[in-house]
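Worksheet for the structure shown next.
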Amino acid sequence: MNPVHHPLLAVENLVKQFPKRGARRLAKEWTTAVDRVSFTVERGTTLALVGESGSGKTTTSLMVLGLLEPTSGSICFDNRPVTGLGRRESLALRRRMQVVFQDPFASLNARLTVAEAVTEGMRVHGLHGNEAGRLDAARGLLAAVGLPENALDRYPHEFSGGQRQRIAIARALSVEPEFLVLDEPTSALDVSVQAQVLNLLRRLQHERGLTFILVTHNLRVVAYLADRVAVMEAGRIVENGPVEPVFDTPEHPVTRRLLDAMPLV
């Protein structure tokens, strides 16, 4: 008998409200940043969450990662809820879900060498036995992201933006996750470097069977990396489906606006 299929990630009726700035303490007024959002992500695929600034895409991704508590709704990863976990369960989930942030200049600790940054998560999760084993794994990760072994002893400021983002990707992969949130992973990089990093992400996904949520406003990146796209406006998903049909015949004004903003080269 075949096991019942379930997507790796299932989000249902997700809501996030924040108190309005300046609202009176006893009679709080609320602003809704994410409003009844639902979607699924199949294993080994990429879902792009796209929208203009303030559309709710980053807030949604932070809730998926367990970094922000939902007001209501459910998030299930591998058929298990993400919220309300104990410390041990939360740590185990943290290993399976990682994030690559937009700005590699800000996301890497300037005081840690590359070796320390890449092995930090391994140490927390008790991977690769001892320090020698962890350093060996770090060398393999650097090779996987296209950096030389001698990068291990250097500090983030010694690298270019593209190289730093490769280090950030190696760090995210260091705990052998299944799922990555890519939060505008190329927007802080030069155009010439963006394609290299996107190629790297696509290759790593194929080699390691990774599942991605791509958070972006750049539909050119979506066309290159994503299988499905969910377009957000004012906290809601206003259009979603496979990338090609959504891009070929966009139904919502926001989608058309984002497509019109795509550079021609």
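Go over the candidates P250, P156 one by one and state the one that is without any contact (Cβ under 8 Å) to a residue 24 or more places away in the chain, surrounded by 15 or more Cβ atoms within 10 Å (Cβ to Cβ) and of a type outside the set (S, T, Y).
When all the criteria are applied, what remains is P250.
Among the listed residues L182, L204, L225, L189, which satisfies the condition of being touching a helix residue (DSSP H, G or I) at 6+ places or on another chain (Cβ under 9 Å) and under 30 Å from W30 (Cβ atoms)?
Values: L204 fails: under 30 Å from W30 (Cβ atoms); L225 fails: under 30 Å from W30 (Cβ atoms); L189 fails: under 30 Å from W30 (Cβ atoms).
Only one candidate passes the filter, namely L182.
Return yes when P185 is closer than 28 Å to D35 by Cα and within 15 Å of the chain's Cα centre (by Cα) and no when it is not. Can you show your working first?
On the way: closer than 28 Å to D35 by Cα: yes; within 15 Å of the chain's Cα centre (by Cα): yes.
Yes; evaluated as a whole, the condition is true for this residue.
Among the residues in the range 167-181, are any out of contact with any strand residue (DSSP E or B) (no Cβ under 9 Å at 6 or more places or on another chain) and surrounded by fewer than 21 Cβ atoms within 10 Å (Cβ to Cβ)?
Step one: list which residues in the range 167-181 are out of contact with any strand residue (DSSP E or B) (no Cβ under 9 Å at 6 or more places or on another chain), which gives 167, 170, 176.
When the remaining residues are screened for being surrounded by fewer than 21 Cβ atoms within 10 Å (Cβ to Cβ), the result is 176.
Yes - at least one qualifying residue is present in the range 167-181.
So, in the range 124-138, of the ones that are of a type outside the set (A, V, I, L, M) and surrounded by fewer than 17 Cβ atoms within 10 Å (Cβ to Cβ), which residue ends up nearest to L91 (Cα to Cα)?
Checked the range 124-138; the qualifying residue nearest to L91 (Cα to Cα) is H125.
Count, please, the residues in the range 59-108 that happen to be of a type in the set (V, I, T), part of a loop (DSSP other than H, G, I, E, B) and either under 15 Å from the mean Cα position of the chain (by Cα) or surrounded by fewer than 17 Cβ atoms within 10 Å (Cβ to Cβ) (or both).
2
Kindly indicate the residue of the range 235-244 that is touching a residue at least 60 places away in the same chain (Cβ under 8 Å) and assigned to a strand (DSSP E or B) and also surrounded by the fewest Cβ atoms within 10 Å (Cβ to Cβ) among those meeting that condition. Quick ask: steps written out before the conclusion?
Narrowing the range 235-244 to residues touching a residue at least 60 places away in the same chain (Cβ under 8 Å): 235-237, 240, 243.
Narrowing further to those that are assigned to a strand (DSSP E or B): 236-237, 240.
Working: R236: 15, I237: 25, N240: 19.
Within the range 235-244, the match that is surrounded by the fewest Cβ atoms within 10 Å (Cβ to Cβ) is R236.
Could you tell me which residue of the range 114-123 is surrounded by the most Cβ atoms within 10 Å (Cβ to Cβ), considering only residues that are out of contact with any Pro (no Cβ under 9 Å at 6 or more places or on another chain) and closer than 12 Å to R171 by Cβ?
Applying the filter and picking the extreme gives V118.
Among (1) of a type outside the set (A, V, I, L, M, F, W, C); (2) at negative phi; (3) in contact with a Leu (Cβ under 6 Å, 6 or more places away or on another chain), where does G73 come up short?
Only one criterion is unmet by G73, namely (2).
Bear in mind that the values in this text are calculations on the coordinates, not laboratory data. For clarity, every value in this text was computed on a predicted model and none was experimentally measured. Every residue, glycine among them, receives a Cβ derived from its backbone with ideal geometry; neighbour counts consider all protein chains shown.
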